[in-house]
Amino acid sequence: MKHFCTTDDITELADWLHLGNRLRAEPDLLAHLGRGKTLCLLFFNNSLRTRLSTQKAAQLLGMEVMVMNFGSEGWSLEYTDGTVMDQGTAEHIREAAPVVAQYADLIGIRAFAGLKDREADYAEMVLQGFVQHAGIPVLNMESATAHPLQALADALTIEQFREKDRPKVVLSWAPHPRALPQAVPNSFAKMMQALPVDLTITHPEGYELAPEFTGGLSPEYNQEKALEGADFVYVKNWSSYSDYGAILSQDPAWMMTAKKLGEAQLMHCLPVRRNVVVADDALDGGRSLVLQQAANRTLSAQLALAHLIQSNS
Amino acid sequence: MKHFCTTDDITELADWLHLGNRLRAEPDLLAHLGRGKTLCLLFFNNSLRTRLSTQKAAQLLGMEVMVMNFGSEGWSLEYTDGTVMDQGTAEHIREAAPVVAQYADLIGIRAFAGLKDREADYAEMVLQGFVQHAGIPVLNMESATAHPLQALADALTIEQFREKDRPKVVLSWAPHPRALPQAVPNSFAKMMQALPVDLTITHPEGYELAPEFTGGLSPEYNQEKALEGADFVYVKNWSSYSDYGAILSQDPAWMMTAKKLGEAQLMHCLPVRRNVVVADDALDGGRSLVLQQAANRTLSAQLALAHLIQSNS
Amino acid sequence: MKHFCTTDDITELADWLHLGNRLRAEPDLLAHLGRGKTLCLLFFNNSLRTRLSTQKAAQLLGMEVMVMNFGSEGWSLEYTDGTVMDQGTAEHIREAAPVVAQYADLIGIRAFAGLKDREADYAEMVLQGFVQHAGIPVLNMESATAHPLQALADALTIEQFREKDRPKVVLSWAPHPRALPQAVPNSFAKMMQALPVDLTITHPEGYELAPEFTGGLSPEYNQEKALEGADFVYVKNWSSYSDYGAILSQDPAWMMTAKKLGEAQLMHCLPVRRNVVVADDALDGGRSLVLQQAANRTLSAQLALAHLIQSNS
């Protein structure tokens, strides 16, 4: 069974990007594909873009959608085998996952990193729990370590707006008041390795991403140097991987500004804290692609859902 | 771009009321109009009638509907330009509004008055934030100062049940344990000025509504006098506009009763606290139109949505 | 008007079971039946299976579905007549129920027992409030004292997996850390009396169910004796009916195990706490029907909705 859990599940990237371009021009192109199928979206964390874009994509494919906020509308799930469940968890993933699968043809899961236990987060307990036990295809709507729908939308955006064959793409860390997961930069870094781009990653020391996602690329700790000649600058905060979940810096000098951006085009997955992560002048200065990235989320969800339907039928 | 924010956005009231009557008899009359369009309903406050009637209306127009409780399922939005967003708000309206617009053709917004800061409430920060930044038509599902879907349903109800050419309509304040916004009485008072009715507003001193909504009509502080010869009595609590958000009176003598109502027909937007706002004998006495008002909410939402679709295409 | 409140509302069980079997093979069999009709599901309590299976069933019948979490998205309702509503409740069932009915053709209600006041719970205040005041057919999605959709799914499961004409069915109480309602065992016990099975109920003293549901059947307090020769073992916790809502025992010796189960098939309505209510070896040992029960929930919801549509048209 095929799932869509990481960017590795994008089988032929060039074909996907080509189909994405066609869907942008003709949203109803695959309107027949999901007819009679039901997609159940389970949210263990809040969501705006992912919630709406995935629903919209499913509608464009002719699917029925059922949305459930698992925490507030359901109950806490148990993921560990052999547990005596006399505490807070009311249902085991061994029942919950296959039960949901009785009522749906595909399941979408959003479950963020807890940022307390790196091993647990990087084992993708929740997402993999559904993959193992549901028995139907699973769509990752952002898990503890990966956000492939965002990364695919980012690839579509770079493809759409690049002005040269091999643009320079810089992933630039930014400060943030809260500790955030590594899912977005992980998937973005991985995705860039599959595109004809030159990737540079810049962040303060201690913010190195997990090597399985960066492909061993050495970071450039000097942001100014990293940004030289950039065509696309992808700004994002994340917490430390080595000192897991820690905020090591809130240095405002790392905020992205119009001046730093120069002629490069600005990318961010949103939501973005203005004047903390990115300055107003960069977001409003005419070089921002953040709304186009959001628009391309519908395309990436259509592509992922279409792939799950076709490759599992 | 046309929006539906206040009763002023009802272009030709007579035509709307006429179409409303036809829709009551034939709910599927405009079933083709919304085909292929998606309506996204964003709730910043709780809702029963508005939530269900707007969904129902959209379905009757053939639209897809996506519902989101912004507070519990999303995060806090920032509305002030130039803010350094290092506190509680996670996304700026400058991003959130146009992002939602990537996935929908129309947006419905419910966002009540905070009742702390009159200037902020009457500036309609949330609703106008979406109007300014979404780039697609906005439907007001009750904002800080206006509830035009309710007022239009009220006009349809008076049109449906009036027994004379120019009925006397009394808006009668009632006590309530909590401080409530002025949105409903504001829009009702404004709407009545567009109908062939004689409007009287009665309330204790200090409860004068904003003059832009009452058209400068002087209130009658004596409820008994105000109710003389009434054909329709619209009961509603609101908090003070001059002493903004304050509860100046909880005098039970202002509660509506069957005796006070006499031969008049009773109206209330609901929810109504029985035996505080309106006595049981008035609600159950056979002169109540409150359920018909609720039924007409589907019509007013159909009319507003149809108008937004047609006038923006 | 016909409602679906208890197993007594299943008019001809044999016909329903027969139609259920046909629907299992051909889910779209009644796809035309609900066209143009809207089902509004109101949740006063959390739900996973019931939420998703009822939505799925409605979709299979071609209905539109509107889902609302009444507590978090609406407000507290008043059920007592004559109350002066100056406290926590914001709307009376006399308004709320008929208002919802303006926007829907059928209403589904989930409202659990409070387990504080037996008389109030067994009077089914919430469910019966909607039955009395809505004026449209009501579907019970688990009320204070009954869960007929589950019991019907259980009957379908026994019908599907029985290996003899008259199997022995044992309802076996199990320990649980929290006090749970009697709705599931009540409806299961009642339903079994309508099937060609031999029912035994086993639990510690003090856990006797209300006689109107057991038909006066005497319990067997010795679990080992009760399980002798069982074909189906239905495991479930419930709190005391006589000492209302109390937890009288948490004796782990009552947990179901593979050894106790022997050759019998295991049933549970889910969610189940592993190694507290049922041991891993019983759930994973190849004699479990719990997922088939969950799958049959779609069928029982289709049957109940189809019945409500047909018998009220």
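Values quoted throughout were computed directly from the atomic coordinates according to the rules given, and no laboratory measurement underlies them. Worth saying up front: this structure is predicted, and the values here are computed from it rather than measured. Note that each Cβ is placed from the backbone with ideal geometry, even for glycine, and that neighbours are counted across all protein chains shown.
For the reader, a short list of remarks on this structure follows.
- The amide H of C:Ser288, built 1.01 Å from its N in the peptide plane, has C:Leu266 as neighbours under 5 Å, considering only residues 5 or more places off or on other chains.
- Across C:Lys190/C:Lys236; C:Lys56/C:Lys236; A:Lys2/C:Lys56, pairs whose alpha-carbon gap is larger than 18 Å: C:Lys56/C:Lys236; A:Lys2/C:Lys56
- Look at the dipole of region A:149-293 built from charges on Cβ: of A:Leu217, A:Pro204, A:Ala183, the Cα furthest out on the positive end belongs to A:Ala183.
- Point-to-point label distance, B:Lys164-C:Glu205, nm (Cα→Cβ direction, 7 Å offset): 7.7
- FRET efficiency for C:Thr80 and B:Ser242, using Cβ-Cβ distance with R0 set to 35 Å, rounded to 0.05: 0.40
- Around the amide H of B:Met66, modelled in the peptide plane, lie the amide H atoms of B:Leu39, B:Cys40, B:Leu41, all under 5 Å away and 5 or more residues distant in sequence or on another chain.
- Of C:Tyr221, C:Tyr207, the sequence from fewest to most neighbouring Cβ atoms within 10 angstrom is C:Tyr221, C:Tyr207.
- Helical mean residue ellipticity (222 nm; -39500 (n - 2.57) per DSSP H run of 4+; nearest 500) of chain B: -10500 deg cm²/dmol
- Ranking of B:Trp238, B:Trp173 by neighbouring Cβ atoms within 10 Å, starting from the fewest: B:Trp238, B:Trp173.
- Inter-chain shielding of C:274-287 (mean C-beta neighbours from other protein chains, 10 Å cut-off): 3
- Once the chain from B:Ser72 to B:His32 is taken as fully extended at 0.36 nm per residue, the excess over their C-alpha distance is 11.0 nm.
- In order along region A:274-287, the Karplus-derived 3J(HN,Hα) couplings, from 6.51 cos²θ - 1.76 cosθ + 1.60 at θ = phi - 60°, round to 5, 6, 10, 8, 9, 6, 3, 5, 6, 5, 9, x, x, 10 Hz, and Gly and Pro are given as x.
- If you sort the three axes of the alpha carbon gyration tensor as a ≥ b ≥ c, you get a/c of 1.5 or more for the protein assembly as shown and a/b no higher than b/c, which makes it oblate.
- In terms of its alpha-carbon gyration tensor, chain A comes out oblate; a/c meets the 1.5 threshold, while b/c is at least as large as a/b.
- Theoretical FRET efficiency, 1/(1+(r/R0)^6), r = Cβ-Cβ of B:Lys116 and C:Asp8, R0 41 Å, to 0.05: 0.15
- Label spacing, shortest first and in nm, from C:Gly71 to its equivalents in the remaining copies (7 angstrom along Cα→Cβ): 1.6, 1.6
- Ranked for footprinting exposure by Cβ neighbours inside 10 Å, fewest first, C:Val290, A:Val272 give C:Val290, A:Val272.
- Inter-part distance where region B:106-185 and region C:45-63 are each reduced to a Cα centre, Å: 34
- Relative to the Cα centre, the charge distribution of region A:186-265, modelled as +1 at Lys and Arg Cβ and -1 at Asp and Glu Cβ, gives a dipole magnitude of about 200 debye.
- Exam field: B:Gly286 pseudo-label spacings to other copies (7 Å along Cα-Cβ), nanometres: 7.3, 7.3
- Region A:88-198 shape via C-alpha gyration tensor axes, a/c threshold 1.5: oblate
- The mean count of C-beta atoms from other chains within 10 Å of the C-beta of residues in B:264-272, rounded to a whole number, is 3.
- Cα-centre dipole for the protein assembly as shown with unit charges at Cβ (Lys and Arg positive, Asp and Glu negative), debye to 20: 1180
- For A:Thr200, the residues whose modelled amide H falls within less than 5 Å of its own, excluding neighbours fewer than 5 places apart on the same chain, are A:Val169, A:Val170, A:Leu171.
- Shielding by partners for peptide A:46-55, expressed as the average number of C-beta atoms from other protein chains within 10 Å of each residue's C-beta, is 6.
- Here is what passes the span test in chain A: the DSSP H helices with alpha carbon length of 27 Å or more along the helix axis and a Kyte-Doolittle mean of -1.0 or above are A:290-311.
- In order along region B:256-271, the phi-based Karplus estimate (6.51 cos²θ - 1.76 cosθ + 1.60, θ = phi - 60°) of 3J(HN,Hα) comes to 7, 10, 4, 4, 4, 5, x, 8, 6, 8, 8, 10, 7, 6, 6, x Hz; Gly and Pro are listed as x.
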